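Written out below as structure tokens is the structure these notes cover.
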Amino acid sequence: MAISVDRKEPVEGTGLVYDDIFLKHKSSWDPDYPERPERLSAPYTRFLELGLVNRCKPVELTYATEDMILLCHSDEHLQMLKSTVDMTEAELKQMSTKYNCVYFHNMTFESALLAAGSTVELMRQILSKEIRNGLALIRPPGHHAQYNRFRGFCYFNNVAIAAKYALDNLDMKRILIVDWDVHHGQGTQYTFYDDPRVLYISIHRYEYGKFPMKLRESDYDYIGEGAGTGFNVNIPLNQKGMGDSDYLAVFQQIIIPLAYEFDPQVVLVSAGYDAAIGCPEGEMLISPAAFAHFTHMLSGLAEGKLAIVLEGGYHLKSLSEGLALTLKSLLGDTVPPLVQMQTPCDSVTESILNVIKVLQPYWICFQYQTTVCEEESCPFEGVNCMPPRLGIEFDTPDVEKVYPLKYTYPHHEESYQKQVADTESTLDDLIRGLTLTKTLRRTCIVYDRAMRAHKSVGNISGFPERPDRITRVYERLEEWKLLEKCLKVQTRVATQDEIETVHCSAYYEKLEESAEKTPFELQEIARSYNSVFLCSETFYVSRMAAGSTLNILDSVLTGEAENGVSVIRPPGHHAKSTEANGFCFFNNIAITARIAQRKYGSGMGDSEYIAAFQQIIMPIAYQFSPELVLVSAGFDSAMGDPLGNYCLTPAGYGHMTHMLSSLANGKIILVLEGGYNLESLANCMSSCVAVLLGEPVPSYSYTQPKKSAVKTICDVLDVQKKYWECLKFRVSIPQPQTSEDQGSASEDTDESSTIQLQDIGVGKELPSEVTGLAPEELPRENTGLAQGGLSSGVTVLAEQVEQLVVSDMSEDESIKLPVPENRDQNKAPDGSDGATGGSDVAAGSSGGATGGATGGSYPSQSVDVLTQLRLMQNLEHQGVQRMYAVTPLSWCPHLKTVQPLPPGGLDAHAPCKECYDISENWICLVCYEVYCSRFVNEHMLLHSVSNEHMMVLSFSDLSVWCYPCENYVTNEIVQPMINHAHQSKFGEGLPGIHLGH
């Protein structure tokens, strides 16, 4: 089975709505009113300075028709605004006092009609594929405008009108509206509160109801009513001063998982910039670059159909820079790195958990928090109760009031002036730190037919790692017309010095000598390795694979291209420092990581992998803030691969690539590893290259992740959250209480407890009797999919490489091909390098060793699928009946040589006794001397050989290795040593293990 992909012609172009006519709407009696014409003219000037306007397609100004306005507003509302055209200034003032934060001008009606109509036109052009995405630089804003009420600078609800028009006239069935304005867009909420076709998500400052607009219905427990229950999502922020880390946590934990499950056909954004640093309205600290990240995340949805519509934002420099970076992201430019990432604050953590608490019954993407047991409570106190808080006075909009004509800020207060000066300085620093230039070429690529020369000879046949792997990829790139967009990089062979940054000289020389061997001798050498074939050209081709990848590295890090792809063979990430393994000879990724550091100084499917990215990989990567991302791009997890037996699709790989490309200023390098179904390999790699080149991310159909994957993700979160504060959301939360006034915008509350998502093409119904259960307790539908465990999602090949992320898309962990009976059938990786593996206790897994790229043996049982037709048509997910991995020995005869712990315990930070290196050390469990690994100077290996001390413990991953048995070992004899090492390294012992001698 292979993945058949119909290549869609990518939609190009970013639309821009702007005209000076929008500047005519203004307050005639208050020139300092925050919603003023400069809010448009200043950002547009910045667009011109950066050369962005000429890169956009102008969207023709369009007046909204009366029928369009009446989709969301009453005729009385329309006529009232229309009447202002001929009013005197006194009449305009009188009318303005009736509404909160609203002024009227003779040009207000025309500007509002143009804002609404042009928003509809922008969306129409996106849906008709005339452009891919776009930005509406318009005013007045709209998201506060209600059916029959003006409010908060808003007259007609531009985004709501566009969404309603698409639903009624353009055959849309699922529209996502994200509102990141610092104020709640209550007008949009009211419009779609009972409509399951629109998923409305608002992140806004609330302070438990004290922040204007003081609405009870802006809290998290208002989740929709009737058929729309679960489709209104309020994310209230209950303190000011929140920054990039807090907002990113909201996107990663709530907005993006929800959006993927909802699977929208188009995304509309009510884009307010009043949460930006310096804006006096919001008093938040969002950097300009963060808005580019928000845009980038959302552009992975709906095949890139994304319309950004301006709402608020009142600090002109902050607004201009945020909008410029938003537009650059829409244009496909590199997303700038975020600086000074912090731990998400407890307040936003509480808000996120509360939202998950009330939405868990309706969305299957929220499976990573368990339900608190009896007499227990959530560690975040605010999650243990339901709103509202006592003593909060909410606004009652139906009560008539007289509102002031002028909008006042404390301009003359000394503290305010100092705050403004500090903000200006901070903004200037942030802007200076941005790289706003664009590279001439986006993606570079390397390929050489000469790498086909490495092939199996003699009587050995049937190896899936064959020359056609790279040829098919290259031909598909040509067929999809992607190659012509790429910068072609010259190939070269890596030098001996470069290769020996990872591999020992003896191994290099042994492989070099193989070029002169006879075919018979080559077969004999190959048999000494695990799953390897050799020919006279292998040494040269392996050097070419490593050297060509280093050329890609140079192109990316010198700014010649933004990102790169290395279509090379043989693959590398199984290769050990001293021997070939699993089709691999030189570890291309590890070599590239080492050179980057020295030279530049610095049965699962899509749903399971994307869930791992959303919950683990991307939060950690953002906190780590890398300067370069290297991807071991193995495609043996792809549907139809003979080794992986997983079922990732080209779209899945495209989405993972898209997520990673938001890191490191876009500096990402994909290096081909595994992948042995030629059609699947070619399609998946081509999908990644297309995304790197800036094409829309392919459509992805959300399915519920397998229980085993959810459990694995939760297990990883439980272990890693001690070390990565961005994972603090993995806690138990209470089930939501029910009351008559919660979750409804009106007194007539629909009490249905489940939502039929499949009626609108989203997910599956989650029965009420299973909501609130722990993930591992949730029943699965009888889909015919077999269960399988989630493989390791990320392998860090160079543990000491600072500011570097190495992501591994490969499915499995060690190759095992059929071998003669005299071969070792369970040969483990050499653990002396300390880079991978570990005991099952230390690593928190059942396996201990991670050998690399392609893993497993050929399965003895077939994969159970729904039907091939449904699988191919819907890109459904293939189950796995069995997983294969290298298992540590539970006993070996050399355990008897292990000596008791010394009285002082272990020091996991001790240097090598010979060279004093501290980067990667092992401790001998016989004499308790510390020496460095093979990735450093091989002193532990030399010590073990010369003294016959066979058992050693890694300080890197706390694994125990036996040299004579060539395997990892896990046994109660070595458990005290592992526990003491954990205590020394992390300040605490392993859970459930008594610390003693």
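Per-structure values
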item: Residue under evaluation residue 211, criteria (1) open to solvent by 10 Å² or more (accessible area, probe 1.4 Å); (2) out of contact with any Leu (no Cβ under 7 Å at 6 or more places or on another chain); (3) within 22 Å of residue 365 (Cβ to Cβ); (4) not small (Gly, Ala, Ser), criterion not met; result: (3)
item: Subset tally (residues that are within 23 Å of the chain's Cα centre (by Cα) and surrounded by 19 or more Cβ atoms within 10 Å (Cβ to Cβ)) for the stretch 427-443; result: 3
item: When residues of the stretch 941-974 are limited to those that are of a type in the set (Val, Ile, Thr) and in a strand (DSSP E or B), the one modelled with the lowest pLDDT; result: 969
item: Residues (surrounded by fewer than 14 Cβ atoms within 10 Å (Cβ to Cβ) and in a loop (DSSP other than H, G, I, E, B)) located in the stretch 354-388; result: 373, 374, 375, 376, 385
item: Residues located in the stretch 26-59, provided they are within 15 Å of residue 312 (Cα to Cα), in a helix (DSSP H, G or I) and not polar (S, T, N, Q); result: 38, 39, 40, 42, 43
item: One residue from 233, 182, 250 being open to solvent by less than 10 Å² (accessible area, probe 1.4 Å), β-branched (Val, Ile, Thr), modelled with pLDDT of 95 or more and part of a loop (DSSP other than H, G, I, E, B); result: 182
item: Residues of the stretch 940-976 satisfying the condition of being farther than 23 Å from residue 577 by Cα and open to solvent by 10 Å² or more (accessible area, probe 1.4 Å); result: 970, 971, 972, 973, 975, 976
item: Unmet criterion (only one of (1) among the aromatic types (Phe, Trp, Tyr); (2) under 21 Å from residue 272 (Cβ atoms); (3) at pLDDT 95 or above) for residue 165; result: (2)
item: Residue match in the stretch 589-609 (condition: part of a helix (DSSP H, G or I) and in contact with a Phe, Trp or Tyr (Cβ under 8 Å, 6 or more places away or on another chain)); result: yes
item: Within the stretch 60-87, considering residues that are assigned to a helix (DSSP H, G or I) and polar (S, T, N, Q), the one most open to solvent (accessible area, probe 1.4 Å); result: 79
item: Residue in the stretch 564-571 that is farther than 19 Å from residue 492 by Cα and crowded, with 24+ Cβ neighbours inside 10 Å present; result: no
item: Enumeration of residues in the stretch 643-699 that are under 23 Å from residue 463 (Cβ atoms) and of a type in the set (Ser, Thr, Tyr); result: 646, 676, 680
item: Flag for residue 209 being small (Gly, Ala, Ser) and closer than 20 Å to residue 147 by Cα; result: no
item: Criterion: outside any loop (DSSP other than H, G, I, E, B) and either of a type in the set (D, E, K, R) or within 29 Å of the chain's Cα centre (by Cα) (or both) - qualifying residue of 124, 139; result: 124
item: Any hit, the stretch 4-25, residues being at pLDDT below 95, open to solvent by 40 Å² or more (accessible area, probe 1.4 Å), more than 38 Å from the chain's Cα centre (by Cα) and of a type in the set (Lys, Arg); result: no
item: Every residue from the stretch 604-619 that is among the acidic types (Asp, Glu) and in contact with a strand residue (DSSP E or B) (Cβ under 7 Å, 6 or more places away or on another chain); result: 606
item: Filter result for the condition that a residue is part of a loop (DSSP other than H, G, I, E, B), crowded, with 24+ Cβ neighbours inside 10 Å and over 20 Å from the mean Cα position of the chain (by Cα), over 322, 300, 312; result: 312
item: Contacts under 6 angstrom Cβ, first residue in the stretch 201-225 being at positive phi, partner in a loop (DSSP other than H, G, I, E, B) and among the basic types (Lys, Arg), 6 or more apart; result: 208/389
item: Filter result (touching an Asp or Glu at 6+ places or on another chain (Cβ under 9 Å) and among the acidic types (Asp, Glu)) within the stretch 358-384; result: 381
item: Among the residues listed as 368, 362, the single one being among the aromatic types (Phe, Trp, Tyr) and out of contact with any helix residue (DSSP H, G or I) (no Cβ under 7 Å at 6 or more places or on another chain); result: 362
item: Residue under evaluation residue 173, criteria (1) surrounded by fewer than 20 Cβ atoms within 10 Å (Cβ to Cβ); (2) over 30 Å from the mean Cα position of the chain (by Cα), criterion not met; result: (2)
item: Residue in the stretch 676-686 that is outside any helix (DSSP H, G or I), within 20 Å of residue 574 (Cβ to Cβ), modelled with pLDDT under 95 and open to solvent by less than 10 Å² (accessible area, probe 1.4 Å) present; result: yes
item: Single residue of the stretch 589-625 satisfying the filter (over 14 Å from the mean Cα position of the chain (by Cα) and either open to solvent by 10 Å² or more (accessible area, probe 1.4 Å) or acidic (Asp, Glu) (or both)) that is nearest to residue 548 (Cα to Cα); result: 595
item: When residues of the stretch 37-59 are limited to those that are β-branched (Val, Ile, Thr) and more than 30 Å from residue 190 (Cα to Cα), the one least open to solvent (accessible area, probe 1.4 Å); result: 53
item: Tally, over the stretch 389-401, of residues that are open to solvent by less than 60 Å² (accessible area, probe 1.4 Å) and farther than 30 Å from residue 97 by Cβ; result: 0
item: Residue list for the stretch 343-386, filter: more than 18 Å from residue 262 (Cα to Cα) and among the polar types (S, T, N, Q); result: 343, 347, 349, 351, 354, 369, 370, 371, 377, 384
item: Every residue from the stretch 639-665 that is assigned to a helix (DSSP H, G or I), surrounded by 24 or more Cβ atoms within 10 Å (Cβ to Cβ) and at positive phi; result: 664
item: Every pair of residues 6+ apart whose Cβ atoms lie under 6 Å, when the first sits in the stretch 927-945 and is farther than 16 Å from residue 966 by Cα while the second is in a helix (DSSP H, G or I) and at pLDDT below 90; result: 935/833
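The values are calculated or read from the model by the stated rules, or taken from the named source; none is laboratory data. Computed from a predicted model, the values in this text were never measured in an experiment. Ideal geometry is used to build each Cβ from the backbone, glycine not excepted, and the neighbour counts take in all protein chains shown. These accessible areas exclude ligands, DNA and RNA; they are computed on the full protein's heavy atoms, side chains included. Shrake-Rupley method; radii C 1.70, N 1.55, O 1.52, S 1.80 Å.
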